[in-house]
Amino acid sequence: MPMPTGRATPPLAFAWAVAVLSACAIDVPQPPAAVPEPTAALRSSEIVGTIPASARVLEWDLHARLDEPAHRIDGRARMRWRNTSRVSIDRMPFHLYMNGFRAEDTAWMRDSRGEHRGHKARDRGGWGYIDVTSVSRRGDLGAGREGDLAPLVFQEGADPSVMEVALDRPIAPGESVEFEIEFVTQLPEVFARTGHSGRFHMVGQWYPKPGVLHPDGTWRTHTFTYHTEFYADFGDYTVELDVPADMVVGATGIQTSVVVEADRKRVGFAAEMVHDFAWAADPGFLEYTAAHDGVKIRQLMLAEHAATHQAHLDAQIVALDSMQRRFGSYPWTTITIVHPPTGAEGAGGMEYPTLFTTSPVYQPNAAMALLGVEERVSGVFTTVHEFGHQYFQGLLASDEYTQPWLDEGMNTTSNSLVLEDRDGPDAWLARVGRLSLHGSDFVRMSQHDSATLQIIDGNADTFAPEVGGYGGTVYRKTAGVMLTLRNLVGAEAFDAALRSYTVSFRFGHPTGADLERALRDGLADAVVIARQDPDQAGTGDITLDVAEFLEQGLRTTHVVDFRIHAIVNRRGLGQAGWHRNASGVLVGGDPPVAVDAEGAPGTEGIVVIHRAGDFVVPVEIEVVLDDETVVRRTWSGRSRTHTLHFDRPVAWARVDPAGKLWLEHHRLDNHRVAPGLVGEDGLSEPVGDLVESAALALLVGVGP
């Protein structure tokens, strides 16, 4: 999803600043000939691999009629559900997510106060809701014969975003049951993911969805609150959408049919092994289609955004190639990218299975060009991020309420790897004149103080909107933890361990413990970071305890912070004075060499490094001696200070010269020049702080 400001992923920070001062030239390229619709929702079994039989829990048959003037959907669902637990169940809880927008006193609205990622509910009367009118269980007479409908009792919970259905008989382990549900969904004026704006309709989380039953018989059906997202079982969908005849419709899965009757049309869709179904409709949509690696890519946008369709397509192809190579094949045959129109920006930056919404690409105007502003993240980063959710959480369907970092944080990690594959590890993402900002800079700066407020591994409700820090912690600190680990243990080893996780848990509900176990198993308990020179003090290899690193990163608020505490150049100890010789007689008495004598023999340099933060992690130190000799050392970081001795004066030193520690936010004191070589100018530190603060300002609003 989008990134901080509530949730979601608009572009990386810098794009927001560019957006304010930019204008898009409207150039409407002619859409190419349409790529044929695939005949199957899943790719071939050779590409998809084996789907565990236990993963297919639900079968849906959905019918929806859109009353456009009222922005209302009359819906009917037939849902077949299988009890995959070890116990019988006599009740079934459901999510009614749209009820989060029903009134000011719902849990979601209390938290958000009608605002999400900078977008506000303009029409305070434009509420949204789901009104369930009936729930019935259909009897099964066997041999494909259907029995009668048995009405069931249902009731909304204390918060209307959930309801519970009482079953008329227990459902045994392994048994399937079929429900019929009738409901009315009122779409709100869009300001948070879903709703309407003019004739544009973004329809997400629009039907009653059952919770997830765990093997021990406990249900996970969380209340819909500001930072909580969605958690559901996989299943197959057959959907018919009844809409005005001039509507262009995009949806999860593949389009299977279109029947036009007067001023209405019925559009059929089918999806397999997905845990949600969403759709969008607007009569002004232009369709740009392409195919890559056997996947149909469809973009839906108004003319105002058409000029940038190629930039989004390029980003989508890069993301598809990168993530397939790293995390396994993309299993579905379609990707639909929806570009919300002006006025509906609140729907941007949100993911659903095989469909997501993106944000605009902005072109610098003349003023920005004069300032030397360049960026290559606006809009396209949203496309990369939202496609990434097809893996984290679309294919690896973790519980977004209990451990949101498995979704947002691991996806943000994958986004950095996509950009690395596109531009190289050292490429800039944005720059102003000679100042370049890289992916590591965005991760570091956007953490700031927010990432010290709460641990990563907490449920979504622990991140109160009043406190802030959700985006900095869940999105970017998680990425900082994972990419720091990758830099320390080596890209090849880390990538292999992460791939073992993504391949093993496809079409499953992995937990944080599953990911941590995969990383420990793939990397070993102790990874050798550096082999020390036996001639140096503190002999022995420097190792990283992977479990300890993850514990600190995920379940503490410890901060990575190193600094060069001091550089001291002094005369080394010589043989001046009196000493006993082999015969025990005192000899010598020579005076000491003058301290300031040029070229005095035995002159030595000392560097003192301070671990100012509580996070214990190995770190590299680079020291340049006065004769320009470069020396590299690695320190375990376990003590508070570490002292390096050299037999020549030190010119300067710096900590983490390669920038491996993406978790370290404050780096202005990582570098120090020996006293006397460069005078203090009184400006470097305050100017550095100012630049850092300005960069942080650019990141406002980038997050959930």
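The values are calculated or read from the model by the stated rules, or taken from the named source; none is laboratory data. In this text the structure is predicted, and so the values were computed from the model without any measurement. Cβ atoms come from the backbone with ideal geometry, glycine included; neighbour counts cover every protein chain shown.
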ask   = Does at least one position in segment 203-217 carry a residue that is within 14 Å of Ala278 (Cα to Cα) and outside any loop (DSSP other than H, G, I, E, B)?
value = yes
request  = Report, by residue number, each residue of segment 304-344 that is under 22 Å from the mean Cα position of the chain (by Cα) and on the phi > 0 side of the Ramachandran plot.
outcome  = Gly328
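Check every one of the strands (runs of 3 or more DSSP E) wholly within segment 425-530 and list those with 2 or more residues that are β-branched (Val, Ile, Thr). So that I can check it myself, show each step before the final result.
Details: elements: 430-432, 435-437, 526-530.
Correct list: 526-530.
Among the residues of segment 130-144, what is the count of those that are at pLDDT below 90 and in contact with a strand residue (DSSP E or B) (Cβ under 9 Å, 6 or more places away or on another chain)? If you could, list the steps in order and put the result at the bottom.
If we filter segment 130-144 for residues that are at pLDDT below 90, which is where we start, we get 139-144.
Those still in the list that are in contact with a strand residue (DSSP E or B) (Cβ under 9 Å, 6 or more places away or on another chain) too: 139-141.
Going through segment 130-144 one residue at a time, the tally reaches 3.
Only one of these is farther than 29 Å from Val249 by Cβ and within 29 Å of the chain's Cα centre (by Cα): Asp168, Asp111. Name it.
Working: Asp168 fails: within 29 Å of the chain's Cα centre (by Cα).
Result of the check over Asp168, Asp111: Asp111.
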ask   = If Arg486 satisfies every condition in (1) touching a residue at least 40 places away in the same chain (Cβ under 8 Å); (2) under 18 Å from Gly659 (Cβ atoms) but one, which is the exception?
value = (1)
Among (1) without any contact (Cβ under 8 Å) to a residue 40 or more places away in the chain; (2) assigned to a strand (DSSP E or B); (3) assigned by TED's automatic domain parsing to the domain that holds Pro618; (4) of a type outside the set (Asp, Glu) - the single one Gln575 does not satisfy = (2)
Some residue of segment 294-303 being surrounded by fewer than 23 Cβ atoms within 10 Å (Cβ to Cβ), in the same structural domain as Ala34 (by TED's automatic domain parsing) and either without any contact (Cβ under 8 Å) to a residue 24 or more places away in the chain or of a type in the set (Asp, Glu) (or both) = no
inquiry  = One residue is enough: does segment 345-352 have a residue meeting the conditions in a strand (DSSP E or B), closer than 25 Å to Gln30 by Cα and in contact with a Ser or Thr (Cβ under 6 Å, 6 or more places away or on another chain)?
reply    = no
key: Scan of segment 226-236 for residues that are among the acidic types (Asp, Glu) and either surrounded by fewer than 19 Cβ atoms within 10 Å (Cβ to Cβ) or in contact with a strand residue (DSSP E or B) (Cβ under 6 Å, 6 or more places away or on another chain) (or both), ordered by number   = Asp233, Asp236
inquiry  = I'm told Ala464 meets every condition in (1) more than 15 Å from the chain's Cα centre (by Cα); (2) hydrophobic (A, V, I, L, M, F, W, C); (3) within 29 Å of Thr354 (Cα to Cα) except one. Can you identify the failing condition by its number?
reply    = (3)
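Considering each of Thr462, Thr413, Thr478 in turn, give the residue that is β-branched (Val, Ile, Thr) and more than 23 Å from His116 (Cα to Cα).
On the way: Thr462 fails: more than 23 Å from His116 (Cα to Cα); Thr478 fails: more than 23 Å from His116 (Cα to Cα).
When all the criteria are applied, what remains is Thr413.
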request  = Kindly provide the set of residues from segment 406-424 that are surrounded by fewer than 24 Cβ atoms within 10 Å (Cβ to Cβ) and assigned to a loop (DSSP other than H, G, I, E, B), ordered by number.
outcome  = Gly424
ask   = Which condition number does Asp457 fail, the rest of (1) within 30 Å of Gly508 (Cβ to Cβ); (2) charged (D, E, K, R); (3) surrounded by fewer than 18 Cβ atoms within 10 Å (Cβ to Cβ) being met?
value = (3)
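Residues are listed down the side, and each one gets a yes or a no for (1) surrounded by fewer than 22 Cβ atoms within 10 Å (Cβ to Cβ); (2) at negative phi:
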position	(1), (2)
Gly211	yes, yes
Thr218	yes, yes
Phe224	no, yes
Thr238	yes, yes
Gly253	no, no
ask   = Has segment 323-334 got any residue that is more than 27 Å from Ser416 (Cβ to Cβ), polar (S, T, N, Q) and at pLDDT 95 or above?
value = yes
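Just the residues that are among the aliphatic types (A, V, I, L, M), in contact with a strand residue (DSSP E or B) (Cβ under 6 Å, 6 or more places away or on another chain) and assigned to a strand (DSSP E or B), please, taken from segment 273-285. Walk me through how you get there before you give the answer.
If we filter segment 273-285 for residues that are among the aliphatic types (A, V, I, L, M), which is where we start, we get 273-274, 278, 280-281.
If we keep only those that are in contact with a strand residue (DSSP E or B) (Cβ under 6 Å, 6 or more places away or on another chain) as well, we get 273, 278, 280-281.
Residues satisfying the conditions are Met273, Ala280, Ala281.
Within segment 544-553, how many residues turn out to be under 12 Å from Ile529 (Cβ atoms) and either touching a residue at least 40 places away in the same chain (Cβ under 8 Å) or in a helix (DSSP H, G or I) (or both)?
Initial filter on segment 544-553 (under 12 Å from Ile529 (Cβ atoms)): 544-546, 549.
Filter once more, so that each one left must be either touching a residue at least 40 places away in the same chain (Cβ under 8 Å) or in a helix (DSSP H, G or I) (or both): 544, 546, 549.
The qualifying residues number 3.
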request  = Tally the residues that are within 37 Å of the chain's Cα centre (by Cα), outside any loop (DSSP other than H, G, I, E, B) and of a type in the set (A, V, I, L, M, F, W, C), restricting the search to segment 152-165.
outcome  = 4
inquiry  = On the basis of being within 22 Å of Gln324 (Cα to Cα) and in a strand (DSSP E or B), does Phe381 make the cut?
reply    = no
remark   = In segment 362-405, residues that are among the polar types (S, T, N, Q), more than 30 Å from Asp236 (Cα to Cα) and surrounded by fewer than 23 Cβ atoms within 10 Å (Cβ to Cβ) total 2
ask   = Got a number for residues in segment 533-592 being under 30 Å from Thr511 (Cα atoms), in contact with a strand residue (DSSP E or B) (Cβ under 8 Å, 6 or more places away or on another chain) and at pLDDT 95 or above?
value = 4
